[in-house]
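*Asks:* Structure below; questions to follow.
The values are calculated or read from the model by the stated rules, or taken from the named source; none is laboratory data. Here the structure is a predicted model, which is why all the values come from computation and not from measurement. No Cβ is skipped: glycine too gets one built from the backbone with ideal geometry, and neighbour counts run over all protein chains shown. Quick note on the areas: whole protein, heavy atoms, side chains included, nothing else; ligands and nucleic acids left out. Shrake-Rupley method; radii C 1.70, N 1.55, O 1.52, S 1.80 Å.
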Amino acid sequence: MITPRFDILGQAISDASRTQMLCELMEGRAYTNKELAAAAGVTPQTASAHLRLLQDAGLVVAEKRGRCVYHRLAGPEVAHALEQLAAIAPADSLHRAQQRKAGDLAQLRSCYDHLAGPLAVAMTRALLDRGMLRQEHGAFCAVPAGEWLKLGVVLPDKPGREPFARPCLDWTERKLHVAGPMGRLMLDHALDSGWVKRRRHKRGLALTTPGARALEQVLGLSCGGLVAA
């Protein structure tokens, strides 16, 4: 039996500057060494050393485009694992501490390529309550319904290698929201339709008035108490 090298991963995420870089990359975009150095509050030379360690651990990949080298997370599975690690302590006191620490990000944010926060959790609950999603053996199964198109989701004809709708434990809410291709489609649709918009912080999102109205019409959600204005 091959033992997973948790020690390598543990070393990679044990430094505050490296975890700050990983959090920046959780948005799903690629950034240069200088940009990540500024985000972590370190010099570009120090950032380069941190990024090499993250690459060696398989968490980050580098891509050269023209004269610049861009860094991004190695894939959605890395973002998913990081989000789960952030939610690993379920006690209520720690839950509240996590929400305070998250600040604006606790309200509504992107988790790599899908929605997260109270609104994402409420949407998932509504999808389950309406029978549009089912939980089966720890996974989500989508059920055909006319509302999917209104949410920007086209259900696949055949199952793919990656689960179409994957449960993801929300970092601040400690409840499930939807990840996977379905989550990506819903976030893209929400941004393209003007239902949500980017805040000053890269991962932070704001729900718009048209977005609140649309979610009330499609899913019956009352969004007033879910996100701050």
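*Asks:* Among the residues in region 103-114, are any within 15 Å of GLU27 (Cα to Cα), open to solvent by less than 10 Å² (accessible area, probe 1.4 Å), in contact with a helix residue (DSSP H, G or I) (Cβ under 8 Å, 6 or more places away or on another chain) and at pLDDT 90 or above?
*Replies:* The answer is yes; a qualifying residue exists.
*Asks:* For region 1-88, which helices (runs of 4 or more DSSP H) that fit wholly inside it have 3 or more residues that are open to solvent by less than 40 Å² (accessible area, probe 1.4 Å) and hydrophobic (A, V, I, L, M, F, W, C)?
*Replies:* Numbers: elements: 6-12, 16-25, 33-40, 44-56, 76-86.
Qualifying helices (runs of 4 or more DSSP H): 16-25, 33-40, 44-56, 76-86.
*Asks:* Further, regarding this structure: Among (1) under 20 Å from the mean Cα position of the chain (by Cα); (2) farther than 23 Å from GLY75 by Cα; (3) touching a residue at least 60 places away in the same chain (Cβ under 8 Å), which single condition is LYS197 missing?
*Replies:* Result: LYS197 passes all but (3).
*Asks:* Still on this structure: So which residues in region 161-198 are in a helix (DSSP H, G or I), within 12 Å of ALA139 (Cβ to Cβ) and of a type outside the set (A, V, I, L, M, F, W, C), if there are any at all? It would help to see each step written out before you state the result.
*Replies:* We begin by selecting, within region 161-198, every residue in a helix (DSSP H, G or I); these are 180-192.
Pick out the ones that are also within 12 Å of ALA139 (Cβ to Cβ) and you get 180, 182.
Scanning region 161-198 gives a single hit, GLY180.
*Asks:* When residues of region 199-229 are filtered for being at pLDDT 70 or above and not in a helix (DSSP H, G or I), how many remain?
*Replies:* The qualifying residues number 12.
*Asks:* Find the residue count for region 155-173, including only residues that are of a type outside the set (A, V, I, L, M) and crowded, with 17+ Cβ neighbours inside 10 Å.
*Replies:* First pass over region 155-173, keeping only residues of a type outside the set (A, V, I, L, M): 156-164, 166-168, 170-173.
With crowded, with 17+ Cβ neighbours inside 10 Å added as a condition, the list becomes 164, 166-168, 170-173.
Total satisfying the criteria: 8.
*Asks:* A further question on this structure: Being exposed (fewer than 12 other Cβ atoms within 10 Å of the Cβ) and in contact with a helix residue (DSSP H, G or I) (Cβ under 8 Å, 6 or more places away or on another chain) narrows it down to one residue among GLY131, GLY204, GLY224, GLY152; which is it? Break it down into steps so the answer makes sense when it comes.
*Replies:* Numbers: GLY131 fails: in contact with a helix residue (DSSP H, G or I) (Cβ under 8 Å, 6 or more places away or on another chain); GLY204 fails: exposed (fewer than 12 other Cβ atoms within 10 Å of the Cβ); GLY152 fails: exposed (fewer than 12 other Cβ atoms within 10 Å of the Cβ).
None of the other options fit; the residue is GLY224.
*Asks:* Checking ASN33 against (1) over 24 Å from ASP188 (Cβ atoms); (2) at pLDDT below 90; (3) in contact with a Pro (Cβ under 9 Å, 6 or more places away or on another chain), which single condition isn't satisfied?
*Replies:* (2)
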